[in-house]
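Written out below as structure tokens is the structure these notes cover.
The values are calculated or read from the model by the stated rules, or taken from the named source; none is laboratory data. Nothing here was measured: the structure is a model prediction, and the numbers come from that model. Because the Cβ atoms are built from the backbone with ideal geometry, glycine has one as well, and the counts that use them run over all protein chains shown. What goes into the accessible areas is simple: the full protein's heavy atoms, side chains included, and nothing from ligands, DNA or RNA. Shrake-Rupley method; radii C 1.70, N 1.55, O 1.52, S 1.80 Å.
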Amino acid sequence: MAVTDFSHQAFEQPEQGPEGDPPVPVRDRLVPPLPGSAMWGWLGPIAVAVFGAVLRFTKLGTPHSVVFDETYYAKDAWATVKYGAERQFVDGADKLLLAGNRNIFKACAQVDQCANYVVHPPLGKWVIGFGELIFGPNPYGWRFAGALLGSLSILILARTARRMTRSTLLGCVAGFLLALDGLHFVLSRTALLDIFLMFWVLAGFACLVADRDWSRRRLADWLDGASPGDGIGPSLGWRPWRLAAGICLGAATATKWTGVLYLAAFLIMSLLWDVGARRAAGVGRPYAGTLRRDLPLAAAWTALVPVLTYLASFAGWFATDKGYGRNWTQATSNGPIYFVIDSFRSWLSYQKQVLSFHTGLEATHPYQSEPWQWPLLLRPVAFFYESPKSCGAPSCSWAVLGVGTPVIWFGGVLALIAMIAWYVATRDWRAGAVLLGYAAGWLPWFYFAIADNRTMFLFYAIPMVPFMILAIVLACGLIMGPAKAARPGRRVVGSAVVGAFVLLALVNFAWLYPVIAAEVIPYDAWNARMLFRSWI
């Protein structure tokens, strides 16, 4: 579980190893070997993911209530898996579902009168709905998929961090910190779309990191028998990991439109990685090689494939006549060609209406916040709050507060600042990737806040959280230093500092747990956990 050499030279500089060691082989420069055994590389992350899953599935059906925006997504998901598209529901539908009554949809004389206008693509609701099909449309059923994918995201992050740092230990630290983040925990136990957006964004990023190793390995194979060629290097094949990334990022966009921000950012990032790989391999014209050899297929995998994935998520809408706006354009002539054209025109009209909604959303909400408030957790969202009389105190609180673990988030701010300095100093690809992933999920919201005065919430930041944790883990690697440090004491002190931080995060999560896991506690205990007055 040794930590890799975190020097820039270990990844990009060709001629000589550190401190006068023999030259680093080209293959090891392109694809540094992964440490330890492959078995522990899987068992460690799996163990951390199981720990996170136990936290998330324990009392998943509590509270037995419709929490925050579950009032929309739980019912829309049930309609989607039952009818193929969202339907209007009767008054009091929430209470009916909680009582076990599944007949919550309106009966209409005409099909289009019962269609429900919704403003997010359907994939997240399909996923929620599959949980409802298995366990029924009840709190456990509609939260099951979020807990499952939230737990899987811990495994993905641990494996991705391991690949980026070449350290099984740091990979497990990354997964452990994600398991302990309060916002990730709450959204994994709530039927909102944001946890699925985060999952697909992280999965897409993980695929691109795997593609980076895969393509560099192909370059190393080419170098073993390279001929002079044309100075731009070889074609790197069909890039299956990049194709998988396109599917994942298309799925992110098919969950919420903000997925497209990551799609654009990661396409540019992966092409710059290709340029760096060709340069490291000694290719004379790396930019020309990337444009001619890599860009055409990259455009197909990360532009065309996501569009097809997005369209596929509307399969239920296209296959039935029950979706909103499905019959907006009626075919004037018979035949399958006219049917397809008119169906697509109806779909485009629907998408334009959704765009108009998102650009004009200015309604106020007591728990709304601005993006510059998110990193410091200045205005979390009260997902659920009641005052029962069953805790043995004069006043009791029963709450679910959508807030991150302060130690992790405040440490993340410091780590991101460190990543900026590290990238400026070394141009290390890992620091750049983490900063880009965080910025893609954060900076666009500044525009919407300033230009559109749009209503926003802290939980919109959940796709940023894996990149914040990656920044922390990279900073931990820098603090610990290389495995063969010149001063052994540096390694001991660094490991102690990192261990203390992880332990502090665990203690902080345990302290926060009652107000994020819907435990009934005395009001004074609840109030003591409100770090700022703005948390109330």
Counting only residues that are of a type outside the set (A, V, I, L, M, F, W, C), open to solvent by less than 10 Å² (accessible area, probe 1.4 Å) and not in a helix (DSSP H, G or I), how many does segment 167-194 have?
3
Restricting to helices (runs of 4 or more DSSP H) lying wholly in segment 447-536: which have 1 or more residues that are more than 17 Å from P375 (Cα to Cα) and either of a type in the set (D, E) or touching a strand residue (DSSP E or B) at 6+ places or on another chain (Cβ under 7 Å) (or both)?
488-516, 523-528
Can you confirm whether segment 293-315 contains a residue that is out of contact with any Ser or Thr (no Cβ under 8 Å at 6 or more places or on another chain), without any contact (Cβ under 8 Å) to a residue 24 or more places away in the chain, open to solvent by less than 20 Å² (accessible area, probe 1.4 Å) and closer than 15 Å to P234 by Cβ?
no
Being within 22 Å of P366 (Cβ to Cβ), of a type in the set (D, E, K, R) and within 19 Å of the chain's Cα centre (by Cα) is the filter here; which residues of segment 408-463 pass it?
none
Are any of the residues in segment 441-451 in contact (Cβ under 8 Å) with a residue 40 or more places away in the chain and buried (at least 22 other Cβ atoms within 10 Å of the Cβ)?
yes
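Going by the structure shown, is F105 among the aromatic types (F, W, Y), over 30 Å from A174 (Cα atoms) and in contact with a Phe, Trp or Tyr (Cβ under 9 Å, 6 or more places away or on another chain)? Give the derivation first.
On the way: among the aromatic types (F, W, Y): yes; over 30 Å from A174 (Cα atoms): yes; in contact with a Phe, Trp or Tyr (Cβ under 9 Å, 6 or more places away or on another chain): yes.
So F105 fits the description; yes.
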Candidates G204, G250, filtered to the one that is part of a helix (DSSP H, G or I), in contact (Cβ under 8 Å) with a residue 24 or more places away in the chain, more than 17 Å from M164 (Cβ to Cβ) and among the small types (G, A, S)
G250
Name, by its number, the condition in (1) open to solvent by less than 70 Å² (accessible area, probe 1.4 Å); (2) closer than 28 Å to L60 by Cα; (3) not polar (S, T, N, Q) that does not hold for F501.
(2)
Taking interchain pairs and intrachain pairs at least six residues apart, which have beta carbon atoms under 6 angstrom, with the first residue in segment 465-479 and open to solvent by 10 Å² or more (accessible area, probe 1.4 Å) and the second not in a helix (DSSP H, G or I)?
L478/F6
Mind telling me which of the residues A431, A425, A415 ends up being open to solvent by 40 Å² or more (accessible area, probe 1.4 Å) and over 22 Å from W257 (Cα atoms)?
A425
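Within segment 172-218, how many residues turn out to be of a type in the set (F, W, Y) and more than 10 Å from the chain's Cα centre (by Cα)?
Pass one, segment 172-218, residues of a type in the set (F, W, Y): 176, 185, 196, 199-200, 205, 214.
With more than 10 Å from the chain's Cα centre (by Cα) added as a condition, the list becomes 176, 185, 214.
Of the residues in that region, 3 qualify.
Picking from L243, L249, which residue would you name as being open to solvent by 20 Å² or more (accessible area, probe 1.4 Å) and under 13 Å from L267 (Cα atoms)?
Values: L249 fails: open to solvent by 20 Å² or more (accessible area, probe 1.4 Å).
Only one candidate qualifies: L243.
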Restrict the check to segment 344-357 and report whether at least one residue is at pLDDT below 95, part of a loop (DSSP other than H, G, I, E, B) and small (G, A, S).
no
Subset of segment 85-134 [in contact with a Pro (Cβ under 9 Å, 6 or more places away or on another chain), of a type outside the set (A, V, I, L, M, F, W, C), modelled with pLDDT under 90 and crowded, with 16+ Cβ neighbours inside 10 Å]
E86
Where D211 falls short, out of the listed (1) acidic (D, E); (2) buried (at least 20 other Cβ atoms within 10 Å of the Cβ); (3) without any contact (Cβ under 8 Å) to a residue 12 or more places away in the chain
(3)
